[in-house]
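Structure first, then comments.
Values in this text are rule-based calculations from the coordinates and carry no lab data. In this text the structure is predicted, and so the values were computed from the model without any measurement. Every residue, glycine among them, receives a Cβ derived from its backbone with ideal geometry; neighbour counts consider all protein chains shown.
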Amino acid sequence: MSTREKNKNARRMAILDAARQLIRDAKSNDFSMSELAAKAGVSLVTPYNLFGSKSDILLEIARTDVYQRATDITALSKQGLPFWVAGTARLLGRIFYTNRHFYRRLIITLVAQERAANFRELLEVNYRLFEQPLQNLCDAGALPQGPPVDVLARHVSRSVIGSLQDCLNERGSEELLSGELEVGLSLLLMGCAGPADRKALLKQIAPITAAQGQSLSKSDGPVN
């Protein structure tokens with residue numbers, strides 16, 4: 001790698017690290033590109049030149065966070081469909097809840113900029129995460145009635161993003177977020193599963209849906 005490329009990569013990492021720090025420090029507040037450049041120790045135009053926009057920077061952070069867990073999520077698929085659904089929900093719940101301020105900011109930024117291409121990119125990040133484990137489950141005969149894997153992966157991605165978007169605006173715990181993810185994944189995949197797995201998924205989410213039903217009358221504020 002040339003010195004120029006090394007310097008470019010160093011500036012990219014400095015900008016991503018600065019964005020993470022600003023989000024952690026401000027939590028629910030936004031940050032400007034000038035603040036980001038100053039924090040990273042680069043010129044104002046450098047973030048634009050290297051990434052394009054603030055939403056592109058946030059998407060790059062999300063891509064890094066999610067792809068770091070790709071091996072774990074794929075490995076879970078070797079244990080069968082119910083185990084994969086529960087394990088994936090817990091793993092994603094931990095990732096998203098631990099970094100909830102960042103993911104809330106990501107969603108708010110994408111909505112504010114009204115860039116459909118960025119929403120598609122966020123879905124694509126998740127789609128790539130689910131494609132291989134779903135293929136493993138199909139190969140093992142766990143999804144005998146499912147559509148092609150690429151179609152199923154996109155719907156799983158939409159389910160995860162929808163749960164994330166809803167839950168980050170409510171007060172709750174990592175457990176509640178994981179439960180919402182598990183119910184969404186289960187309901188989606190039941191239609192593709194065989195009778196035994198369908199029954200197992202229904203039994204698995206029964207306590208979660210019962211608890212959700214009891215909490216419908218409660219009014220919660222935003223996550224702190």
If I model a spin label at L44 and A75 as a point 7 Å from the Cα along the Cα→Cβ vector, what separation in nanometres do I get?
4.7
So between L91 and R128, what do we pick up on full extension, going 0.36 nm a residue minus the alpha carbon distance?
11.7 nm
Quick one: 3J(HN,Hα) in Hz for region 34-39, Karplus 6.51/-1.76/1.60 with θ = phi - 60°, rounded, Gly and Pro as x.
5, 4, 5, 4, 5, 5
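Can you compute the charge dipole magnitude of region 55-214 about its Cα centre, using +1 on each Lys and Arg Cβ and -1 on each Asp and Glu Cβ, nothing else charged? Give it in debye, rounded to the nearest 20. Intermediate values should be presented prior to the final figure.
Values: 17 positive and 17 negative charges, 41 e Å.
Using only the charged Cβ atoms, the result is roughly 200 debye.
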Two-site label geometry, D150 and T98: point separation in nm, points 7 Å out along Cα→Cβ
3.3
Plugging the Cβ-Cβ distance of Q21 and Q165 into 1/(1 + (r/R0)^6) at R0 = 22 Å yields, to the nearest 0.05, a FRET efficiency of 0.35
Region 50-65 residues near the modelled K8 label - backbone nitrogen below 18 Å, point 7 Å along Cα→Cβ
50-53, 57, 60
